[in-house]
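The structure appears below as structure tokens.
Read-outs: derived from the displayed coordinates by stated rules, not from any lab. Worth saying up front: this structure is predicted, and the values here are computed from it rather than measured. All Cβ positions, glycine included, derive from the backbone under ideal geometry; neighbour counts span all protein chains shown.
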Amino acid sequence: MGVVRDIVKVLLISALIGLCVGAFFQAFTGGSVLLGMTAGSVAGATIGFFSNICFMLVYITFRKRPPLAFAVVMLIIALGTHAFNLYWDVPFPLPGLCIIAVSEVFGIAATALLFRNYSLLNRKLKGKIEDLGKSGE
């Protein structure tokens, strides 16, 4: 059940990031804010879902290299955002690169916060397990 909760958390955070980025850039360029919110939410949730899966696969495979997992997430955010920009005919390089940059900042920040929280939780759990092992001896 915890895995489903974590995936839903990532989807909601990613959709919120996409909503904010999409609405801002539609408002900035004079487009439909409602369209930007809807399209941005779908894009954000999709990119967040794939980023989360790839982060976990890379992190588990290369346990000692979290920077590699973050680099994969950055690549997925950039490519995914660019793909959605192409789909919605967003001009490139501007504002396309700006949308990618803002998405990167928010996406990596969210990934870093989630990673920090999970790492802290794992360290606490490891400490509790060690304490239980010591008291059982």
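Tabulated results
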{"item": "Check on P67, more than 17 Å from S14 (Cβ to Cβ) and out of contact with any helix residue (DSSP H, G or I) (no Cβ under 8 Å at 6 or more places or on another chain)", "result": "yes"}
{"item": "Of residues in segment 90-114 being in contact (Cβ under 8 Å) with a residue 60 or more places away in the chain and not aliphatic (A, V, I, L, M), the one farthest from A15 (Cα to Cα)", "result": "P95"}
{"item": "Candidate set from segment 101-113 (those that are in contact with a Phe, Trp or Tyr (Cβ under 9 Å, 6 or more places away or on another chain) and surrounded by 15 or more Cβ atoms within 10 Å (Cβ to Cβ)); member that is nearest to A43 (Cα to Cα)", "result": "V102"}
{"item": "Yes/no for A43 being hydrophobic (A, V, I, L, M, F, W, C) and either surrounded by 15 or more Cβ atoms within 10 Å (Cβ to Cβ) or in contact with a Lys or Arg (Cβ under 9 Å, 6 or more places away or on another chain) (or both)", "result": "yes"}
{"item": "The one condition in (1) surrounded by fewer than 17 Cβ atoms within 10 Å (Cβ to Cβ); (2) within 13 Å of the chain's Cα centre (by Cα) that L68 fails to fulfil", "result": "(2)"}
